Structure formats: C-alpha cells, structure tokens
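> What follows is a single structure, and I will ask about it in a moment.
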Amino acid sequence: MFDNCLKVISNKFCIALLLIHLLCFDNINLFSQSTLRYQAEELNGYDSELGPIREYLGNVIINQDDIRITCGYAKQFINSNNALLKRNVKVYQSGMTLSSEEMNYDGNKKIAKSNSKVEIIDEGTYLTAKRGTYFVDEKLADFQGNVFIENDTTVMYSDKVKFYRDTDVSLAYGNANIKSKKDNVYLLGDTLENYPQKSYSIVKGNTNLIQIDTSKYASEGIIDSLIITCEVIESFRDSSQLYYFRDNVKIKRDNINAIADLAIFDKVKNEFTFYKNPIIWYDQFQLYADTIIINTIDNKLSKISAFGNAISVNKDTLFEKRFNQIAGKYIEISIDNNQISKITSEGISKSLYFLNNEGSPEGADQKSADKIEIIFKDGEAEDINWIGKPNGIYIPEQILQESIDKYNLPNLKWQEERPLMELRKVRIK
C-alpha cells in the first residue's frame, strides 16, 4: 500500500516537472518573438496550407516595438509571424522612413525586404535603389541595383550599398561613384568604404579621382581638371586632411604628368609628394628622383622639388639622342605664370648642355659645381650659372659624334611617351 502511494506521488511529480518544462519552453518562444499588432478598416481571414491567414485592407497600421508600418493592404501569415505588404508601404523607425510599393516583413527576424523600387529618407540622407533589404535591429539598409545616396556633402551611385544608420557608414560595391558637393571632386572605383565618424574613406580597384576647377581660368573660359588613377585611394579628412594614392599612380593636370607607386596629397599645405620610382613630366622636361614634391598656390603650380639622385632632362628639338641634363642631390624647378622661371641644382651638381648655332650642332658643355642655376625667360633657357668651384670641359662636335652616350650623366633616363590614363565612366552628372 505504501509502495503504491510512492509510485503515485512519483508519477505526479514527473508530470509536474514536464508541465513546468513545457511552460518554460513555451515562454521562451513567446518572449523571443515580438508580435505584430495590426489595425485596418477591413479584416478577412481564412485557413491555408501555411496556416491561418488574415487580410487587412484600408489604412493598415502595423506596430512592432519601435517600428510602425503603414500601407493599403497587408496579408498576415500568423504561424510564421510574417506579412506581405502592398500599396504605398512605409516603415518608420526613429526618424527614418522606408518606402516601397510592395514589401515582405519578417516579424521574427525584424527584416523588411522589397524587390521593387525602394527609398529611405533619414534626416539629411536620401537613399534609393531598384530593390533592398532593411534590418531593423541593426538599422542597416542593404540596397542593390542603381543605388543612389545623397546627403549634405556628397552624391553617390553604386551597384550595391550597405548603409548603417547609427554610424552613417556606407559600403559601396560595384562601379562606385561619389561626388563632393563642396569642391567638385569625383571618386570612382570598384568598392568604396566611407566612415564619417572616423573622417576616413577608402576606394579600391581601378580607382579614379577627378577634380574639375571651373574658376582657375574663368576669364579665358578654360575648364581645368586634376585626374588621378591608381589602385587604392585613402582619405583622412581630420585636421591633417591627407590623401594617399597607392599602386600604379598616374596624375595629370594642365601640362604636367606624374607617375609613382605612392603619392600623398596634403590639402592643408597644397602639396603632392611622390615616392617609389616617381617621374614628373612638365612642358618639355622630365624629372627623376627618389622623392619628388609638387607645391601649388591657389591650385596653380608654383614649385617642383626633387630629392635624392635627382636629374632634370629635356630633349634637344633638333637632334636625335641629345638630352640637356642637370643633376644633383636636390633639384628645384620654380614656376611663374604657368612657365618655368628657374631650375636650381644643389649638392654635387652636374650639367650637360648641347650647343648649336642656327641649326648646326657645335658640341656640348659638361660642367660640375656646388650649385647650378638655369634662368628662363618666356619658357626658354636664357642664362646658366655655375656657382662654387665650377669645373668642366667643352666637347667638340667631331668628338661628340663618336659616342654621345659616353658624356651623358650617370642618372640619365628618358621616357618618350607620357603615361596613358584609362578613365572609368562617370555616372554622376
């Protein structure tokens, strides 16, 4: 009798434990999902293979946590906590409005997805695309197809964009184009990442920077452009305002071209610095060195400085294989009114200058000094000054013709053609 009582008590205890377990399990499911609350002018309901379905028509309003949705029609799938939304669908969340004509909303995952044109208005940002997905908890918009973003400072197009509302971070993929409203600068590349809170952006893959200056030669009606192509562009827009251009860098502005594997633009100083095998073309001159710096004033070229194994070369216009050369540890080219006014070489300076008289060659001067200056007038060399322990020889024409290469300076280089630049198509007008 006593044993039977124990068995009954034991069975009841097990059943109680099972009920407690089931209740706890159900409560976990209940509280892990946030129910969608509906209201509308008209309600219809029916059963289906997917479970019970309700249809809401006319001024539909759906609420879930901090989300409010309005539309003209909603189809609620009760078992899955999902909804199909149609007719002027709008999703509101903390100052943002997401709009589309048709949308699916997953109430469990809190994800809104549209395969038709979708738009976001988020305070000062406007975002639109052919289709898109919005993740409510992450406040993340993942848009695809002709994506367009505009805010107070920039306009951007891309094939795909991820936009994080809390941080304003934008990750653009596929033919990304971004234009600055402030200084008329276009950035183009395969991918573009913008981190406003860090004042940092990076563009990767066949990148272009194009800056159009309509005011520089406004009186002459000339539009000036700065064009840069490379593989990676990084911008640091804090107090330093530095821009890094990496890998196969090519630059063109006015009658100047430059190439290097690394270039840094200091916007505060208006200064370009070129590293790793830089070459500068300016008018008929080419400049080679370990490091080259270009300075501008009011977007106009003012000075070119070359450091380490520097050599400036220009080709004789009358005779093949003759190059006027000046070399030294440091070379500075001064620019005035868009023309060379002076070339200065310092530190074991050397020069080779070919002479001619009314089109007839007359040999060459080869000299060295502590410092060499070439003074220009109207873009043409007028005077050459050798300063501090000058030393040199005159090479007669008959001796020069036997072997011109013998008298060239050791660091002589020459590239016949200026670099070609392949530009991407600009999508922003």
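> Are any of the residues in the range 70-82 modelled with pLDDT under 95, under 47 Å from the mean Cα position of the chain (by Cα), under 20 Å from GLY132 (Cα atoms) and not in a helix (DSSP H, G or I)?
yes
> Could you check the range 264-370 for strands (runs of 3 or more DSSP E) lying wholly inside it with 2 or more residues that are over 26 Å from GLN398 (Cα atoms) and of a type in the set (Asp, Glu)?
323-336
> Also, I was wondering about something else. Within the range 318-333, can you find the residues that are in contact (Cβ under 8 Å) with a residue 12 or more places away in the chain and either surrounded by fewer than 16 Cβ atoms within 10 Å (Cβ to Cβ) or out of contact with any Ser or Thr (no Cβ under 6 Å at 6 or more places or on another chain) (or both)?
Hits for the range 318-333 are LEU318, PHE319, LYS321, ARG322, PHE323, ASN324, GLN325, ALA327, LYS329, TYR330, ILE333.
> While we're looking at this one, here's another question. Which one of the conditions (1) under 42 Å from the mean Cα position of the chain (by Cα); (2) at pLDDT 90 or above; (3) surrounded by 14 or more Cβ atoms within 10 Å (Cβ to Cβ); (4) not basic (Lys, Arg) does GLY347 fail to meet, given that it meets all the rest?
Answer for GLY347: the failing condition is (2).
> For the range 122-160, how many residues meet the condition of being under 19 Å from LYS179 (Cα atoms), more than 20 Å from the chain's Cα centre (by Cα) and part of a loop (DSSP other than H, G, I, E, B)?
The number of residues fulfilling the criteria is 1.
> Give the residues of the range 390-412 that are of a type in the set (D, E, K, R) and loosely packed, with under 12 Cβ neighbours inside 10 Å, sorted by residue number.
Correct list: GLU402, ASP405, LYS406.
> Quick check on the range 130-161: of everything there that is touching a residue at least 24 places away in the same chain (Cβ under 8 Å) and among the β-branched types (Val, Ile, Thr), which residue is farthest from ALA172 (Cα to Cα)?
VAL136
> Might you check whether a residue that is among the basic types (Lys, Arg), under 25 Å from PRO419 (Cα atoms) and either in the same structural domain as ILE399 (by TED's automatic domain parsing) or out of contact with any Lys or Arg (no Cβ under 8 Å at 6 or more places or on another chain) (or both) occurs anywhere in the range 298-313?
The answer is yes, given that some residue of the range 298-313 is among the basic types (Lys, Arg), under 25 Å from PRO419 (Cα atoms) and either in the same structural domain as ILE399 (by TED's automatic domain parsing) or out of contact with any Lys or Arg (no Cβ under 8 Å at 6 or more places or on another chain) (or both).
> Can you pull out every residue in the range 368-389 that is under 11 Å from SER345 (Cβ atoms) and of a type in the set (D, E, K, R)?
ASP370, LYS371, GLU373 - these are the residues of the range 368-389 that are under 11 Å from SER345 (Cβ atoms) and of a type in the set (D, E, K, R).
> Cβ-Cβ below 6 Å, separation at least six or inter-chain, first residue in the range 179-202 and assigned by TED's automatic domain parsing to the domain that holds VAL232, second assigned to a strand (DSSP E or B) and among the acidic types (Asp, Glu): which pairs?
Partner pairs satisfying both residue conditions: ILE202/GLU193; ILE202/GLU234.
> Can you find even one residue in the range 351-368 that is in contact (Cβ under 8 Å) with a residue 60 or more places away in the chain and closer than 27 Å to LEU301 by Cβ?
No, there is no match, as no residue in the range 351-368 is in contact (Cβ under 8 Å) with a residue 60 or more places away in the chain and closer than 27 Å to LEU301 by Cβ.
> Now a separate question. Restricting to the range 116-129, what's the tally of residues that are surrounded by 15 or more Cβ atoms within 10 Å (Cβ to Cβ) and not β-branched (Val, Ile, Thr)?
The number of residues fulfilling the criteria is 5.
> How about the range 161-191: which of its residues are part of a strand (DSSP E or B) and under 20 Å from GLN93 (Cβ atoms)?
VAL161, LYS162, PHE163, TYR164, VAL169, SER170
> To continue, here is another question. Within the range 258-273, is there a residue that is closer than 22 Å to ILE202 by Cβ and either among the hydroxyl-bearing types (Ser, Thr, Tyr) or touching a residue at least 40 places away in the same chain (Cβ under 8 Å) (or both)?
Yes: one or more hits.
The values are calculated or read from the model by the stated rules, or taken from the named source; none is laboratory data. Since this is a predicted model, take the numbers as computed values, not measurements. Heads up, the Cβs are rebuilt from the backbone with ideal geometry, glycines too, and the neighbour counts pull from every protein chain shown.
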